[in-house]
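Novice: Before anything else, here's the structure in question.
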Amino acid sequence: MTGVVIIGGGHAGFQCIDSLRKGGYTGPITLIDADPHLPYQRPPLSKGYLLEGAAPDTLLFRTATYYSEQSVELHLGVAATAIDRDNRSVTLSNGVRLSYDQLVLAPGASIRPLKVPDEIAGQVHYIKTLGDIDRISAQLSNAQDLVVVGGGFIGLEFAATACKLGKKVSVLVRGTGLMNQNVTPELSQFMLEQHRAHGADIQLNTSIETVSRLDDGSFEILTTDGRTLSCDMLVAGIGVTPDTRLAEAAGLECDDGIIVDAQCRTSDPVIYAAGDAVSFAHPLADRPIRIESVQNAVDQAKVIAATICGEQAEYDSVPWFWSDQYEFKLQMAGLHAGYDRVVQRGATESGKFTLFLYRGDKLIAVHTVNKPADHMAARKLLAAGVSPSFAEAADESLKLNGLLKR
Amino acid sequence: MPKVVYVDFQGNRNELEVANGMTLMQGAVMNGLDGIEGECSGSCACATCHCYVDEAYLDKLPEMSENEDELLDGTASERLGTSRLSCQIRMTDDLDGIVVQLPEEQ
């Protein structure tokens, strides 16, 4: 009996441990993570963590005691370097070999690097790990002018944090709007106005043409639309790519992610995969998708744990996601690709409103701004397949939970 | 270190040390206590860290935000006058000994 080996200590990896033990799995569990810290939560890194000046310990999923009490063997600060499927074993960067009965891949995604000259590359900051944010934090107190590249969630959350800390922040966005892939044009425009109102200099349809480092350590940036910017710190959040290296090298089927079935099983029946690195057919999507979110990681890990414990489980959860920018809490439920109608509840100017996204008369997603209760109710509506009429959706006097009970 | 007494739905008392600055949600979750989930990492966005606070401590708590108030309207277990989201309660010396009851479901 060699048990379950889990590669990756993010939300998926940790959840798998917890759900295995809660599900009654008594075999050995081994966790491998290249990050030297005890498994911790990453979402706060680009959000409140820097602002609150919180201690790293507050990010931990569990204290060290938990892992010993639950008999979980931790290999932290070492990477898994190869999977030997024939012998069912994993090799680590320190030469250790671990055998498995079941292997869970939760490697996450790799930061997409900014294309800059080699001598600059090492100076660009990214936000993924506690180590990254420690480095940012150490430099931030001496920096006044920041350039953030990327108009997605991570870049914008960090830009908002830096603005709140009193920094002068410019954001270079390649696309025509903010968070273009993930929110409607209405919400994108609303947040653009909020960022500008909070002092962020947001530049759309642009990116870095050239960047050079001056003698005083600052950067001089020429943008593709001909502007010159100088800054003390350069931070990039331009997306990630699924970390499929180990899986591909082991011959597992991959296509923009490790391909898994409804039980999160890869093309090898004793190897499972969960989280940002995974591509799968979601019942709410018409083609294979990959979802970079806490919800996806956690719910997939629960399915894996249940399956290993011998239960019938299938991954069909309604996706949800959130982002904190300034005083605005954005929450997205469902998958909005292909929507053809937006019904709004609440006035945009109030800073609290809900967008119901429909395909035909079917509700497929709900985006909220500072309406967490609507978000929670919307998740239930979407899970139950309930589509309120357009009039009901727009009517603020109707409680969404009430629509569920009819 | 200040202490928090978490009383689960079955009535079992768990006394845990929770450092100042940590939230009651973090205190429970990090120590592996069942009955509090906190699936949004404590950003007041999900209402899965609902608890009932002992009345003696209610006045010592930070005021409730509009978001917390609205979320409490949609909790899985009934909202009572003592309901709070434990991610919105940060530990202080003042709260030493605080007793919170955990609901049947989150």
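No value in this document is a laboratory result; all are computed from the given coordinates. Keep in mind that this is a model prediction, so the values were computed, not measured. Positions of Cβ are backbone-derived with ideal geometry, glycine not excepted, and every protein chain shown enters the neighbour counts.
Novice: FRET efficiency for residue A:359 and residue A:193, Cβ-Cβ distance as r, R0 = 30 Å, nearest 0.05?
Specialist: 0.60
Novice: So, one more: When a footprinting reagent is the concern and you count Cβ atoms within 10 Å, what order do A:278, B:99, A:72 take, fewest first?
Specialist: Ascending Cβ contact count within 10 Å gives the list B:99, A:72, A:278.
Novice: Along the Cα-to-C-beta direction of residue A:405, a point sits 7 Å from the Cα; which residues of the range A:360-381 have their amide N less than 16 Å from that point?
Specialist: Residues passing the 16 Å test: A:377-378, A:380-381.
Novice: Based on alpha-carbon centroids, what's the gap between the range A:197-269 and the range A:114-139 in Å, whole number please?
Specialist: Spelled out, the Cα-based centre of one part sits 12 Å from the other.
Novice: Compute log10 of I(q)/I(0) for the protein assembly as shown with the Debye formula, placing one identical point scatterer on every Cα and leaving out solvent, at q = 0.06, 0.07, 0.13 Å⁻¹, to two decimals.
Specialist: Log10 of I(q)/I(0), two decimals: -0.29, -0.40, -1.44.
Novice: So what's the projected area for the range A:113-236, the Cα convex hull averaged over all directions, in nm²?
Specialist: 7.3
Novice: While we're on this one: So how compact is the range A:249-342: Cα radius of gyration and Dmax in angstrom?
Specialist: For the range A:249-342, the Cα-based Rg and Dmax read 14.7, 46 Å.
Novice: Return A:63, A:368, B:23 ranked ascending by Cβ neighbour count within 10 Å, so the fewest neighbours appear first.
Specialist: A:63, B:23, A:368
Novice: Follow-up. Report the full-extension gain for the segment residue A:174 to residue A:316: residue separation times 0.36 nm, less the Cα-Cα distance, to one decimal in nm.
Specialist: 47.8 nm
Novice: Could I have the simple spin-label model distance between residue A:205 and residue B:96, label points 7 Å from Cα toward Cβ, reported in nm to one decimal?
Specialist: Computed distance between label sites residue A:205 and residue B:96 equals 6.3 nm.
Novice: Something else about it: When a footprinting reagent is the concern and you count Cβ atoms within 10 Å, what order do A:126, A:272 take, fewest first?
Specialist: A:126, A:272
Novice: Now for a separate question. Starting from the Cα of residue B:20, step 7 Å along the direction of its Cβ; do the same at residue A:112; then give the gap between the two resulting points in nm.
Specialist: With each label placed 7 Å out from Cα toward Cβ, I get 4.5 nm.
Novice: Okay, moving on. Can you compute the equivalent ellipsoid semi-axes for the range A:310-372, i.e. the square root of 5 times each eigenvalue of the Cα gyration tensor, sorted largest first and rounded to whole Å?
Specialist: Value: 25, 17, 8 Å, ordered largest first.
Novice: Same structure again: Restricting the count to DSSP beta bridges whose residues both fall in chain A, what percent are antiparallel, rounded to a multiple of 5?
Specialist: So the antiparallel bridges amount to about 60 percent of the total.
Novice: For chain A, what's the relative contact order in percent, using C-alpha pairs closer than 8 Å and at least 6 residues apart?
Specialist: It comes to 14 percent, rounded to a whole number.
Novice: Still on this model: Please compute the Kirkwood hydrodynamic radius over the range A:327-405, one decimal place, Å, based on all pairs of different Cα atoms.
Specialist: About 12.2 Å for the range A:327-405.
Novice: While we're here: When chain A is modelled as a GNM with alpha-carbon springs shorter than 10 Å, which of A:159, A:82, A:333 fluctuates the most?
Specialist: Evaluated over chain A, the most mobile residue of the options is A:82.
Novice: If each of residue A:93 and residue A:348 carries a label point 7 Å out from its Cα toward its Cβ, how far apart are those two points in nm?
Specialist: Once both label points are built, they end up 4.7 nm from each other.
Novice: For the range B:67-106 and the range B:2-49, what is the separation of their Cα centres, given in Å?
Specialist: Value for the Cα centre distance between the two parts: 10 Å.
Novice: Can you bin every Cα-Cα distance in the range B:3-101 into 5 Å intervals starting at zero and give me the percent of pairs per bin, rounded to whole numbers?
Specialist: Pairs per bin, as whole percents: 2, 15, 28, 29, 20, 7, 0.
Novice: Tell me which DSSP H helices of chain A clear both cut-offs, 20 Å or more of axial length from alpha-carbon atoms and a mean Kyte-Doolittle hydropathy of at least -0.5.
Specialist: Membrane-span-like by this criterion, though nothing is claimed about a membrane: A:294-308.
Novice: Checking the table A:128/A:302; A:22/A:362; A:47/A:371 against a 26 Å threshold on Cα-Cα, which pairs fail?
Specialist: A:22/A:362
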